[in-house]
Amino acid sequence: MFNYLVMTIIGADRPGLVQLVASRVADHGGNWLESRMCHLGGQFAGIARVEVPVERLPELQGALQKLAADGLRVSVSAGDAPAARVAGVAASVELVGHDRPGILRSVAEVLATHGVNVEELESECVSAPMGGGTLFQAKVRVLVPPSAKLEAVRAELEKIAADLMVDLTVRTAGGK
């Protein structure tokens, strides 16, 4: 019998942080299932999903808490066992435009209004070519539920893209 855990990990970035966490998981009979990790603003930040034998969970939690002495904060939450894929249309939303407050809020508001689930979000600010200021770029992987129409979501996103003056692309997983 296994417990499934979702861990959030944060600390000042330096080599060896993933090894610290992965070793604790493996040392306690755990299996690393999936993760997303990156360097943000001088910090190492990540999330990981692992499975660990039920009887080893308290030991693992204790070992992860001790990583605070190494400057690494690990928070553990109960996760779910792998589930069947939820019905809906997988799509991606990409946008690029001059950076200004509220771009992501506006896009997220449209998605939430239609019940679209954000499955993955990656964003960054980069220097525009030829000294044109700062660009905001985002890539969002979403799942549009059967109760929503992708074309309606796309139309509403295109409307706010014009208002926000950003380039927007919406594609299904098949590329349309």
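The values are calculated or read from the model by the stated rules, or taken from the named source; none is laboratory data. As the structure is a computational prediction, the values presented were derived from the model and not from experiment. Virtual Cβ from ideal backbone geometry, glycine too; neighbours counted across all protein chains shown.
The table that follows gives values for the structure above.
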quantity: Residues of the stretch 124-158 satisfying the condition of being in contact with a Ser or Thr (Cβ under 8 Å, 6 or more places away or on another chain), under 12 Å from residue 110 (Cβ atoms) and surrounded by fewer than 18 Cβ atoms within 10 Å (Cβ to Cβ); calculated: 156
quantity: Among the residues listed as 63, 81, 112, the single one being within 28 Å of residue 21 (Cβ to Cβ) and at pLDDT 95 or above; calculated: 63
quantity: Residues of the stretch 127-170 classified as assigned to a strand (DSSP E or B) and either within 19 Å of the chain's Cα centre (by Cα) or among the acidic types (Asp, Glu) (or both), total; calculated: 11
quantity: Test for residue 147: is it in contact with a helix residue (DSSP H, G or I) (Cβ under 9 Å, 6 or more places away or on another chain) and free of Cβ contacts under 8 Å to residues at least 60 places away in the same chain; calculated: no
quantity: Those residues of the stretch 1-58 which are at pLDDT 95 or above, among the aliphatic types (A, V, I, L, M) and within 20 Å of residue 123 (Cα to Cα), in sequence order; calculated: 9, 10, 37, 45, 47, 48
quantity: Elements of type helices (runs of 4 or more DSSP H) contained in the stretch 1-118, each with 3 or more residues being more than 30 Å from residue 171 (Cβ to Cβ); calculated: 17-27, 57-65
quantity: Test for residue 161: is it buried (at least 17 other Cβ atoms within 10 Å of the Cβ), modelled with pLDDT of 95 or more and touching a strand residue (DSSP E or B) at 6+ places or on another chain (Cβ under 6 Å); calculated: no
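A quick yes/no check of all residues on (1) more than 16 Å from the chain's Cα centre (by Cα); (2) in contact (Cβ under 8 Å) with a residue 24 or more places away in the chain; (3) surrounded by 12 or more Cβ atoms within 10 Å (Cβ to Cβ):
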{"site": "46", "(1), (2), (3)": "no, yes, yes"}
{"site": "62", "(1), (2), (3)": "yes, no, no"}
{"site": "65", "(1), (2), (3)": "yes, no, yes"}
{"site": "68", "(1), (2), (3)": "yes, no, no"}
{"site": "72", "(1), (2), (3)": "yes, yes, yes"}
{"site": "80", "(1), (2), (3)": "yes, yes, no"}
{"site": "90", "(1), (2), (3)": "no, yes, yes"}
{"site": "98", "(1), (2), (3)": "yes, yes, yes"}
{"site": "108", "(1), (2), (3)": "no, no, yes"}
